Amino acid sequence: MNKEIIKAESNEFQDAILRSVNHHKGPYLVDILGIDYWMFEESFDPAYAKPAMLLINNQGVEKGDEVLVQFSGPGVDARIAYENGASRVVSAERFEMPWMCSRYNTLRNNLEGSIDNRLGDLFDCVDDERFDLILANPPFRNMISEGKVESALRDEGYVTLKRFWKEVGGYLKECGRVRTVFSDVGDMDYFYSLAKENGFDFRIVAKEKYASSVRVEVAEFWRRG
Ligand SMILES: C[S@@+](CC[C@H](N)C(=O)[O-])C[C@H]1O[C@@H](n2cnc3c(N)ncnc32)[C@H](O)[C@@H]1O
């Protein structure tokens, strides 16, 4: 694979998302998979990003699952997990504007008893709780971010990714599973190696390409042994 092409296409991918999100200066109504959803400014919009939609379309929720959606942004993925049959959904997001967006949509649709949108850094807002399924679309790139919107896409030194894989097992039920999306926009080999180091096996459940060369993969993970 030509690394220069991957780099150029990944840059284009990230620039397009940043431009699209920064383009909005107020709330706007979208239709995602037939659901009316109010998006707020400064909030990552999954419709602009192929990887986000690949995970949304391949959540693997089983009826009655208790689901944690990590890195939930505006909470569309949490809402889809509920629509897919989860009995309870908790979402976690670090920044206020996307978190307020998720809360607004939950309250507006009277779903407060089913979807619990929380504000916090990774698992800081999750108590002593265990889930059947944890979904995650993390920032892909090991880069400095300038501003909150860039933080949706960038994770300097992969500090957040390392912490995610170190801690996620502690929030799973005995046979719990993790579903993620990741891409060549970041370091895919490193992503899978972190999961393995932390005791997980995995299988790829869906894949696509962005442009000619950038792989995008949804994977399911479970604790080894
Ligand atoms: C790629 S976006 C995904 C948003 C949403 N899950 C989706 O697919 O539409 C990543 C999100 O993770 C959030 N985020 C970044 N670092 C975080 C952290 N340490 N804890 C919680 N959320 C974080 C960002 O603000 C952003 O909303």
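Note on K173: aspartates and glutamates with a C-alpha under 12 Å away, same-chain residues under 8 apart excluded, are D65, E66, D128, E129, D132.
The slack in the chain from Y48 to E12, taken as 0.36 nm per residue of separation less the alpha-carbon distance, amounts to 11.7 nm. Here the calculated FRET efficiency for N2 and S193, from their Cβ-Cβ distance with R0 = 25 Å, stands at 0.65, rounded to the nearest 0.05.
Per the Debye formula on identical point scatterers at the alpha carbon atoms of the stretch 50-173, with no solvent, log10 I(q)/I(0) at q = 0.10, 0.12, 0.23 Å⁻¹ is -0.28, -0.41, -1.49.
Scalar couplings 3J(HN,Hα) for the stretch 38-44, obtained by applying the Karplus form with A = 6.51, B = -1.76, C = 1.60 to θ = phi - 60°, are 8, 9, 9, 5, 6, 10, 4 Hz; x denotes Gly and Pro. Using all pairs of distinct alpha-carbon atoms, the Kirkwood hydrodynamic radius of the chain works out to 17.5 angstrom. Each residue of the stretch 125-141 was assigned a 3J(HN,Hα) from its phi angle through the Karplus curve 6.51 cos²θ - 1.76 cosθ + 1.60 (θ = phi - 60°); the sequence is 9, 10, 7, 7, 10, 10, 10, 6, 9, 10, 9, 8, 10, x, x, 8, 9 Hz, with glycine and proline shown as x.
With each run of n ≥ 4 DSSP H residues scored as -39500 (n - 2.57), what mean residue ellipticity at 222 nm is computed for the chain after dividing by its residue count and rounding to the nearest 500 deg cm²/dmol? Walk me through the intermediate numbers first.
On the way: 6 runs with 67 residues, N = 225.
-9000 deg cm²/dmol, from helical runs alone.
Convex hull over the alpha-carbon atoms of the stretch 19-109: what's its volume per residue in Å³? Intermediate values should be presented prior to the final figure.
Details: hull volume 8.1 nm³, N = 91.
Hull volume over Cα atoms, normalised by residue count, gives 89 Å³.
Taking the Cα centre of the chain as origin and assigning +1 to Lys and Arg Cβ atoms and -1 to Asp and Glu Cβ atoms, the resulting dipole is close to 380 debye. Enter the Cα centre distance for the pair the stretch 177-225 and the stretch 83-99, rounded to the nearest angstrom. Here the two parts' Cα centres lie 21 Å apart. Annotation: amide H of F200 within the under-5 Å range of R224, sequence separation 5 or more or interchain, hydrogens built in the peptide plane.
Can you sort V185, V76, V30 from fewest to most other Cβ atoms within 10 Å of each residue's own Cβ? List each step's numbers first, then the result.
Values: V185 24, V76 29, V30 14.
Fewest to most other Cβ atoms nearby, the residues stand as V30, V185, V76.
Is the stretch 135-225 best put as rounded, prolate or oblate by its Cα gyration tensor, with a ≥ b ≥ c the root eigenvalues, rounded for a/c under 1.5, and otherwise prolate when a/b is larger than b/c, oblate when not?
Working: a/c = 2.10, a/b = 1.32, b/c = 1.59.
It is oblate, given that a/c is not under 1.5 and a/b is not larger than b/c.
Label zone (I204, point 7 Å along Cα-to-C-beta; backbone nitrogen cut-off 20 Å) within the stretch 169-192: 178-192.
Taken together, the values in this text are just the output of simple stated rules run on the coordinates, not laboratory data. The shown structure was predicted, so the numbers you read here are calculated from the model rather than taken from an experiment. Cβ: placed from backbone, ideal geometry, glycine included. Neighbour counts: every protein chain shown.
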